[in-house]
Each structure stands twice: as C-alpha cells, then as structure tokens.
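Here's the structure, in structure tokens; my notes come after.
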Amino acid sequence: MSAQLPANLSAETVREISDARDEPEWLLEARLEALEALDELELPDVIQTPGRRWTNLEALDFESLVDPLNQADETTRESPEGVVVLPFTEALDEYGDLIEERFGSVVDPKSNYLTALSAALFTTGTFIYVPEGVDAEDVKIRAEMNSRSLFSHTLVVTEKSSSVTILEAVESGDSVDDARYFSNLVEIDAGENSYVQYGSLQNLDEETYTYSLKRADAGTYSTVNWIEGNLGSRLTRSDVETELNGEASETKIVGAFFGHDDQHLDVNARVWHKAENTTADLVTRGVLDDEARSVYEGVQDVGRDAWSTNSYQRENTLMLSDQSEADASPKLIINNHDTEASHAASVGQVDAEDLFYMVSRSIPEEQARNMLVEGFFVPVLEEIAVDEFRDDLEELIAARLR
C-alpha cells in the first residue's frame, strides 16, 4: 500500500535542500530520482494475517509529520586517529568520488516509499571511512533531534583488513508540540577481511514515529556485527539486514527492546547467505509492559550456492502485563542441503514460581520482578562486546523499570 505524497514536497524543495548544502550535481540527481520514484513505491512490507495488518504504517500522516525545509539536529562525532568521520557536507569535498561510487549501493533508495523519502530529503548523517589496515575503536555519534522531522543517512566504507567499532545514540532535544518523524538509513560496505561493529541506541520521545533501515554488504572473510537497542518513540519500525556476499563472511544481529504505555515496536532482523562458508547469528530479546505491542520478523535466507552455511536465530519476548501483545514470525528459507540452521521464537510472562520464590525470601514483589526482567536481558547483554554500549543499555532498562 502506498502513502500520500505530502503537498509541501516538490522538486523545488529538494533543490533547495541540495543547494543549501552546496552538493554536487550527482547527489542532487540521486535525490530527484528518489523523489520521482515516490509516486510508484509502496510502504515497507508488514506481516499480515487474515483480516489484520500487524503494523499500521498507512496511519502515518506524512502531510503533518514531514517539514523538509526546517530540519534541525545537534550531532557530535568522535573519531580515533586514522579513521575519517565527517558530516556528509564536509566529506563530499574530499571524498566525493568514493561517496558517489558507494552511496546507495547497499541500501537502494528505491527499496520502498520510506527509503526514497529519506534519500530525497536527508540533511544529516555521517560518512565513515576506514583505510586499509587501520584498526579503529570508539567512533561515537550522538544525535539530538530538534525539529518536527529529521532524515539521516550514514555511509560506512571499510577497506581490506581494517576494523571499526561505531556507537550511535539518537535522542530527542527541543520539544515539539506535534507528533514527529525520524528516519535513519545506514549502509555498510565491508571490504575483504574487515571487521565492523555498529551499535545503535534509539531513545526518542514518545511523540516520535521512527523508521530505520540498516543494511550491510559483507565482503570475503569480513564480519559485520549489529547491536540494536530500541526503547523510545511511539511507533518504531526497525530493519537490520546483512547480505553475506563474500566467502566465509559472518554477521551477528543482537537486538533488545523495551516497550511500555502504548508503544508499538516492529523490529526485524534479516540475513541473506549468498556465498560459501558463511555464518549468521540472530539474537533478540524484548520486554513489554502496559499496553505496548511488538512485532518481530527474523529471516535467514540460504542461497543455492551458499554451501556449508551456519545460521541461527532466537527471539524471546517477556510480557509484564495482560494488556501487552507480541507476535513473532521467524523464517528459515533453505535452498541447499549443506546447511546447519535453527530458528526459534517464544512469548511468555514472568515465571510465577520464580517470583513466588523470591518474594518468599523477603524480596519485595516489584524488586523481584525487576530483577527477573534484568536477568531476562542478560543473554543479549552478554553478546554485546562494547562496554559503553552495554552500560548505556542497562541504565536505560533500569530507568524504565523504575
């Protein structure tokens, strides 16, 4: 199903954004192509069962949500020596040829209506370039949203035998009375034998509708690991995807979410095994309270030529309220017989026996419940190798429980 094109969106609007940023002609043309495609594109697929769409993206009123010429953010970037970390506007001057070659090569702007909208309108984002042989840790991006709508695009390029750890945090700044919309596209082009770890923590206010698509192209012997934490926003649609295109490439997608009040979280992890000897591990855990709702789809697609594949997936959701609701749809698509794979999903409530045992040992019921919730997240937290990210996530979970 397609969305209504906002009346305040035109080729003139896009030219104004591009001119203000003094962009090269090729990028303006890319923006205009994305804009033109909007009339033909559909909203992202959502899981459907007879008589029900699990996430109602059609309800988004882009006419009121999108204000393309008044985007504002406060973004800080920290980078270690040897790695390039720049806002797009600055990066285009020095790395224009490389950006032109790789921009849109991993995330096709015409994937769906929301990716095209973002590609046409983005005003913030980061270009990260790790030269051959450079080992970089602790690239930090902290973004604060200060407008009704904000569109962001990040491009990561790693050369042969390099490595980088990137931590991204997104939160709300100046308050806006109306509902807001945040879009975040991330594409990673991982070169031969390189290692990328990308952690993203979204804690936007609950007047915000959020769409993010993070996608990686993993080259030969490369590793791309994702950590995705979602605690904020009213409606979250989060897609994290890796294409294992190089022999012996690997990916891990670790996800955590915690919904309360009437939050809706649509979180998805997908991997395509396209080469031999590839490995994937998808681990997601979520907690729901009050009237929160979650939808999860996990896809492991093993191609015909992806011999000697190992692919694993597990998703667990814990319900703290009888009014909360969770759905999960793990999918395993195998096109050759030389594959070891598994997938599992579960939804359940706090174990009554565990709770009774703790209360009987003089632990107050609310404290006991909180301890069990924190313990539920441990298998995901243990998968997070970055101390700072793990600490931030634990802190936000503890604050939500309080």
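Determine the relative contact order of segment 214-301: mean sequence separation of Cα pairs under 8 Å and six or more apart, normalised by residue count, in whole percent. Let's see the in-between values first.
Details: 231 pairs, mean separation 27.1, N = 88.
Reported relative contact order: 31 percent.
How would you rank 257-266, 380-389, 355-364, highest first, on the average number of other Cβ atoms within 10 Å across their residues?
On the way: 257-266: 21.7, 380-389: 16.4, 355-364: 12.1.
Final packing ranking: 257-266, 380-389, 355-364.
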Rounded to whole Hz and in sequence order, give me ³J(HN,Hα) for segment 291-300 from the Karplus expression 6.51 cos²θ - 1.76 cosθ + 1.60, θ = phi - 60°, writing x for Gly and Pro. 10, 5, 9, 10, 10, 10, 10, x, 10, 10
For Glu137, the residues 5 or more places away or on another chain with a placed amide H closer than 5 Å to its own amide H are Thr165
Return the sequence-ordered ³J(HN,Hα) values of segment 338-347 in whole Hz as given by the Karplus equation 6.51 cos²θ - 1.76 cosθ + 1.60 applied to θ = phi - 60°, using x for Gly and Pro. 9, 9, 10, 8, 8, 8, 7, 9, 9, 10
Both in Å, the radius of gyration and Dmax of the C-alpha trace of segment 1-128 are 16.5, 55
Set of lysines near Lys160 by C-alpha distance (under 21 Å), chain-local residues within fewer than 8 positions excluded: Lys252, Lys274
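Just the number, please: carbon plus sulfur as a percent of the accessible area of segment 153-273, 1.4 Å probe, no ligands or DNA/RNA counted. Present the calculation step by step, with values, prior to reporting the outcome.
Working: 1060 of 2900 Å².
Carbon and sulfur atoms account for 36 percent of the accessible area of segment 153-273.
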Using modelled backbone amide H atoms (1.01 Å from N, in-plane), which distant-in-sequence or interchain residues come within less than 5 Å of Ser311's amide H? Ala280, Glu340, Ala341, Ser342
Over the chain, what relative contact order in percent results from Cα pairs under 8 Å that are six or more residues apart? 9 percent
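Per residue, how much accessible area does the chain show when a 1.4 Å probe rolls over the protein heavy atoms, in square angstrom?
Numbers: 16730 Å² over 402 residues.
Here the residues of the chain average 42 Å² of exposed surface.
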What length, rounded to one decimal in nm, is gained on full extension from Glu81 through to Asp108, with 0.36 nm per residue of separation minus their alpha-carbon distance? 6.6 nm
Taking every DSSP beta bridge that has both residues in the chain, what percent is antiparallel when rounded to the nearest 5? 10 percent
I'd like the carbon and sulfur percentage of the solvent accessible area for segment 1-66, probe radius 1.4 Å, heavy atoms only, ligands and nucleic acids excluded. 45 percent
Provide the per-residue ³J(HN,Hα) series for segment 99-106, in order, calculated from phi with Karplus coefficients 6.51, -1.76, 1.60 and θ = phi - 60°, each as a whole number of Hz, with x at glycine and proline positions. 5, 4, 5, 9, 4, x, 7, 9
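Evaluate segment 283-370: find the radius of gyration of its Cα atoms, find its Kirkwood radius, and give the ratio Rg to Rh. Present the calculation step by step, with values, prior to reporting the outcome.
Working: Rg = 18.0 Å, Rh = 15.3 Å.
Checking Rg against Rh, the ratio lands at 1.18.
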Place the peptides 11-17, 33-39 in order of packing, highest mean first, counting for every residue the other Cβ atoms within 10 Å and averaging per peptide. 33-39, 11-17
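How long is the gain from Glu101 to Ala385 if the chain were fully straight, where each residue apart is worth 0.36 nm and the alpha carbon distance is subtracted?
On the way: separation 284, 0.36 × 284 = 102.24 nm, distance 3.18 nm.
That pair, Glu101 and Ala385, stretches by 99.1 nm at full extension.
Which value in deg cm²/dmol, rounded to the nearest 500, describes the helix-derived mean residue ellipticity at 222 nm for the chain, given -39,500 (n - 2.57) per DSSP H run of n ≥ 4 and division by the residue count? Present the calculation step by step, with values, prior to reporting the outcome.
Values: 8 runs with 92 residues, N = 402.
Rounded to the nearest 500, the figure is -7000 deg cm²/dmol.
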Using only the Cα atoms of segment 108-196, build the gyration tensor, take square roots of its eigenvalues as a ≥ b ≥ c, and label the shape rounded, prolate or oblate: rounded if a/c is under 1.5, else prolate if a/b is larger than b/c, else oblate. oblate
Please compute the modelled spin-label separation between Glu132 and Asn310, points set 7 Å along Cα→Cβ, answer in nm with one decimal. 3.0 nm
Which residues qualify? For Val287, with a placed amide H closer than 5 Å and at least 5 residues away or on another chain, they are Phe257, Phe258, Gly259, Leu318
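The values are calculated or read from the model by the stated rules, or taken from the named source; none is laboratory data. Keep in mind it's a predicted model, so treat the numbers as computed, not measured. No Cβ is skipped: glycine too gets one built from the backbone with ideal geometry, and neighbour counts run over all protein chains shown. Side chains are part of the model used for accessible areas, which takes the heavy atoms of the whole protein and leaves out ligands, DNA and RNA. Shrake-Rupley method; radii C 1.70, N 1.55, O 1.52, S 1.80 Å.
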